[in-house]
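Enquirer: Can you read through this structure? Questions will come right after.
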Amino acid sequence: MPRISGDVLGVRVDALSWSAAIEQLMCWAHRRESRYVTICNVHVVVSASQNSAYRDVINDSDMATPDGSPVAWMLRHQGFESQPRISGPDVMWALCERCAREDVPIYCFGSVEKTLDLLVQRLQATFPTLKISTESPPFRMQSTEEDAASVARINNSSAGIVFVGLGCPKQERWMAEHRGRVNAVMLGVGAAFDFHAGTIKRAPLWMQQNGLEWLHRLCSEPRRLWKRYLVTNTIFLFGAALQLLKIRI
């Protein structure tokens, strides 16, 4: 599949349809290709725009999807008129359905044991044939020996897809460091584990469809997320306005 991308605040984000994204990911998964996929919401884009090393990680990914209505909106204003939002939780759910149907094992790497247990219960109740392995790594950096053991467990599981839930920017850096070592497609899915496990309630569908999922999360966890959404969103809006003005000039 030829790769077509746009530029959002200096960050490379792919312009692609839902079906094209899922088909490409499943193609890689069946072949167990070592790839990594970044799910680019406003927080990821702004963080990457302010940190060149992190920007290189995003720009070097094998696929970067526009998660977040503002990111998809920026692509539409660059000529990709029908660009949808392709979010981490939705991609994970769609891939689990396909993996269950096509007998592709998955691996969930990240979060805490309690969340992973609830996640497995939900996924197996919905997709009974899905083969799932999980791992809750330590919050500190793993030693060389621990990291090698994690890689061995992932590869020995025969997983075609590894969902990585370590949070931004840790998960993107982890995936970049493990491309070529993990024999699977790695996707950084952020809070998707918590959403699907039910430990964090996701925004109603109407808020997701109208670009207000960030507001729901802010109201749910204001002390932890106020800076991410209020400050980061402001930076994004300012940067997007400047970029669009330059395009028109």
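Enquirer: Being surrounded by fewer than 20 Cβ atoms within 10 Å (Cβ to Cβ), under 21 Å from the mean Cα position of the chain (by Cα) and assigned to a helix (DSSP H, G or I) is the filter here, so list the residues in segment 115-132 that pass it.
Expert: Answer for segment 115-132, where residues must be surrounded by fewer than 20 Cβ atoms within 10 Å (Cβ to Cβ), under 21 Å from the mean Cα position of the chain (by Cα) and assigned to a helix (DSSP H, G or I): ASP117, LEU118, VAL120, ARG122.
Enquirer: Does segment 24-60 hold any residues that are small (Gly, Ala, Ser) and in contact with a His (Cβ under 9 Å, 6 or more places away or on another chain), and which are they?
Expert: If the condition is that a residue be small (Gly, Ala, Ser) and in contact with a His (Cβ under 9 Å, 6 or more places away or on another chain), then SER34 is the only one that fits.
Enquirer: Give segment 153-187 a look and list any residue that's assigned to a strand (DSSP E or B) and among the charged types (D, E, K, R), or say none.
Expert: Selection gives ARG179 alone.
Enquirer: Only one residue in ARG173, ARG224 is assigned by TED's automatic domain parsing to the domain that holds ALA152 and either at pLDDT below 75 or within 19 Å of the chain's Cα centre (by Cα) (or both), so which one is that? Write out each step before concluding.
Expert: Values: ARG224 fails: assigned by TED's automatic domain parsing to the domain that holds ALA152.
One residue alone meets the criteria, ARG173.
Yes or no, residue by residue, for (1) over 15 Å from the mean Cα position of the chain (by Cα); (2) surrounded by 19 or more Cβ atoms within 10 Å (Cβ to Cβ); (3) closer than 27 Å to PHE127 by Cβ; (4) at pLDDT below 95:
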| residue | (1), (2), (3), (4) |
| --- | --- |
| ASP14 | no, yes, yes, no |
| SER17 | yes, no, yes, no |
| MET26 | yes, yes, yes, no |
| HIS30 | yes, no, yes, no |
| ALA48 | no, yes, no, no |
| THR65 | no, yes, yes, no |
| GLY68 | no, yes, yes, yes |
| TRP73 | yes, no, no, yes |
| VAL104 | yes, yes, yes, no |
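The values are calculated or read from the model by the stated rules, or taken from the named source; none is laboratory data. Source: prediction; values computed, not measured. All Cβ positions, even for glycine, are placed from backbone atoms using ideal geometry, and neighbour counts span all protein chains on display.
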